[in-house]
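Asks: Input: one structure, supplied below.
The values are calculated or read from the model by the stated rules, or taken from the named source; none is laboratory data. This is a predicted model, so every value here is computed, not measured. Cβ placement follows ideal geometry from the backbone for every residue including glycine, while neighbour counts extend to all protein chains displayed. Just so you know, the surface numbers come from the protein's heavy atoms only, side chains and all, with ligands and any DNA or RNA stripped out. Shrake-Rupley method; radii C 1.70, N 1.55, O 1.52, S 1.80 Å.
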Amino acid sequence: MVAKLVELVREAAAQARLVARGYPSGCGADALPWTIVRRFDDDVRGNVERDPRIEDARDGVLIAAVNLAEARPDEEAEMPERERLVKAINDLEWTVLSRGIANRAAAALGYGEAGERLRDAG
């Protein structure tokens, strides 16, 4: 059962949204993109089969984070970029949950059977 892996995806997305909504508190502009994807990279990325759709969604998060970090430091300029980043995080979460397949590394950690789809954890 891939329920633990699904939980890790949701936790990574929730943590990323917290950082995005709280930026710039506790995170510099250069670190923002990597801080946003850190939990995803550490806990999820190595446990799902490589899929270009997942990689594209991750790239979208990085791009949106860079755009937020480069936005003018005023509320009007930051809000659309912050919203785009949160949307990109939501898209990454959805993509992993709907398209992700547990790999052998996930199976070795007890996160389910290799080849099991995350969406089947429903």
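Asks: Tally the residues that are among the hydrophobic types (A, V, I, L, M, F, W, C), touching an Asp or Glu at 6+ places or on another chain (Cβ under 8 Å) and touching a residue at least 60 places away in the same chain (Cβ under 8 Å), restricting the search to the stretch 68-105. Show your work before the answer.
Replies: Taking the stretch 68-105 as the starting set, the residues that turn out to be among the hydrophobic types (A, V, I, L, M, F, W, C) are 68-69, 71, 77, 79, 85-86, 88-89, 92, 94, 96-97, 101-102, 105.
Remaining after also requiring touching an Asp or Glu at 6+ places or on another chain (Cβ under 8 Å): 68-69, 71, 101-102.
Now restrict to residues that are touching a residue at least 60 places away in the same chain (Cβ under 8 Å): 102.
Count: 1.
One line per residue, one yes/no per condition, for (1) among the small types (Gly, Ala, Ser); (2) at pLDDT 95 or above; (3) open to solvent by 20 Å² or more (accessible area, probe 1.4 Å):
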{"site": "Val6", "(1), (2), (3)": "no, yes, no"}
{"site": "Glu11", "(1), (2), (3)": "no, yes, yes"}
{"site": "Arg21", "(1), (2), (3)": "no, no, yes"}
{"site": "Ile36", "(1), (2), (3)": "no, yes, no"}
{"site": "Arg39", "(1), (2), (3)": "no, yes, yes"}
{"site": "Asp42", "(1), (2), (3)": "no, yes, yes"}
{"site": "Arg50", "(1), (2), (3)": "no, yes, yes"}
{"site": "Leu62", "(1), (2), (3)": "no, yes, yes"}
{"site": "Ala71", "(1), (2), (3)": "yes, no, yes"}
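Asks: For the stretch 64-122, what are the residues that are of a type in the set (S, T, N, Q) and in a helix (DSSP H, G or I)?
Replies: Asn67, Asn90, Thr95, Ser98
Asks: Let me ask you something else. State whether the residues of the stretch 74-87 include one that is within 27 Å of Ala3 (Cα to Cα) and open to solvent by 30 Å² or more (accessible area, probe 1.4 Å).
Replies: Checking the stretch 74-87: at least one residue is within 27 Å of Ala3 (Cα to Cα) and open to solvent by 30 Å² or more (accessible area, probe 1.4 Å).
Asks: Within the bounds of the stretch 4-14, is there any residue that is assigned to a strand (DSSP E or B), within 17 Å of Arg99 (Cβ to Cβ), in contact with a Leu (Cβ under 8 Å, 6 or more places away or on another chain) and in contact (Cβ under 8 Å) with a residue 24 or more places away in the chain?
Replies: Looking through the stretch 4-14, none of the residues is assigned to a strand (DSSP E or B), within 17 Å of Arg99 (Cβ to Cβ), in contact with a Leu (Cβ under 8 Å, 6 or more places away or on another chain) and in contact (Cβ under 8 Å) with a residue 24 or more places away in the chain.
Asks: Which of the residues belonging to the stretch 23-32 are assigned to a loop (DSSP other than H, G, I, E, B) and surrounded by 14 or more Cβ atoms within 10 Å (Cβ to Cβ)?
Replies: Result: Tyr23, Cys27, Ala29, Ala31.
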